[in-house]
1. For the subset of segment 41-65 comprising residues that are without any contact (Cβ under 8 Å) to a residue 12 or more places away in the chain and over 20 Å from the mean Cα position of the chain (by Cα), which member is surrounded by the fewest Cβ atoms within 10 Å (Cβ to Cβ)?
2. Take Ser5 and decide whether it is of a type in the set (Ser, Thr, Tyr), out of contact with any helix residue (DSSP H, G or I) (no Cβ under 9 Å at 6 or more places or on another chain) and either surrounded by 10 or more Cβ atoms within 10 Å (Cβ to Cβ) or in the same structural domain as Val116 (by TED's automatic domain parsing) (or both).
3. Test each condition in (1) touching a Phe, Trp or Tyr at 6+ places or on another chain (Cβ under 7 Å); (2) loosely packed, with under 11 Cβ neighbours inside 10 Å for Arg31 and report the one that comes out false.
4. What single numbered condition from (1) surrounded by 15 or more Cβ atoms within 10 Å (Cβ to Cβ); (2) modelled with pLDDT of 90 or more fails to hold for Arg69?
5. Within segment 105-120, can one find any residue that is within 19 Å of Phe54 (Cβ to Cβ), buried (at least 19 other Cβ atoms within 10 Å of the Cβ) and among the aromatic types (Phe, Trp, Tyr)?
6. Could you list, in sequence order, the residues of segment 138-171 that are at pLDDT 95 or above and either aliphatic (A, V, I, L, M) or in contact with a Cys (Cβ under 6 Å, 6 or more places away or on another chain) (or both)?
Amino acid sequence: MVDFSALATWLTAGGSVALVITLVVLVYQMRQNTRAVEQELAMALMGDLTSPSFADRRHHLHHTVARFRGKAPTDTWEGFDDTKDDFEARSFAYKYELIGLLVKRKTLDYGFVRDVLQWSVVADWRDFAPLDAHLKARFGAQISEWQHFAELAARIRNDLKARERPPAGAA
């Protein structure tokens, strides 16, 4: 005679094992899909850096911020907030913010980004930093909304400066 209770126990245990394996495979597949989407985004962002519109947007950022920031720390940025120039400058900075975030998450290789962007990310952060300070003050924020942009620029600047220094003991 067949012991159906033992058979049911084995089937239940087998079903549980199959469910766990299915969940592990599903989580792994979701992570792989997320990684693929991030890599596609990363490559699209890097591709944008060579487009003619990117050069136009860099030029616009530089001249817009220079026009509004003035020289005194108490400048009001009068006439700038919530204008098309304001939104364009922030939109431009978000490209670098995303690149910095993708480098931090190791979706983009830092060495590759450093070698491609070199001083451009450093110069663009230098130009954007006064607007970043204004926006932090305006919104009462302690942390920059573009902290990954700032970190990426600082890291690249430090690496490039280190390359320029002669090795210790070199004459």
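The values are calculated or read from the model by the stated rules, or taken from the named source; none is laboratory data. Just so it is clear, the structure is predicted and the values come from calculations on it, not from any experiment. Cβ coordinates were reconstructed from backbone atoms using ideal geometry, including for glycine residues, and neighbour counts include every protein chain displayed.
1. Filtering segment 41-65 for residues that are without any contact (Cβ under 8 Å) to a residue 12 or more places away in the chain and over 20 Å from the mean Cα position of the chain (by Cα), the one surrounded by the fewest Cβ atoms within 10 Å (Cβ to Cβ) comes out as Pro52.
2. No, not satisfied.
3. (1)
4. Arg69 satisfies all of (1) surrounded by 15 or more Cβ atoms within 10 Å (Cβ to Cβ); (2) modelled with pLDDT of 90 or more except (2).
5. No; the residues of segment 105-120 include none that is within 19 Å of Phe54 (Cβ to Cβ), buried (at least 19 other Cβ atoms within 10 Å of the Cβ) and among the aromatic types (Phe, Trp, Tyr).
6. Ala150, Leu152, Ala153, Ala154, Ile156
A quick yes/no check of all residues on (1) in a loop (DSSP other than H, G, I, E, B); (2) not β-branched (Val, Ile, Thr):
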position: Val121; (1), (2): no, no
position: Trp125; (1), (2): no, yes
position: Ala129; (1), (2): no, yes
position: His134; (1), (2): no, yes
position: Arg138; (1), (2): no, yes
position: Ser144; (1), (2): yes, yes
position: Ala150; (1), (2): no, yes
position: Ala153; (1), (2): no, yes
position: Ile156; (1), (2): no, no
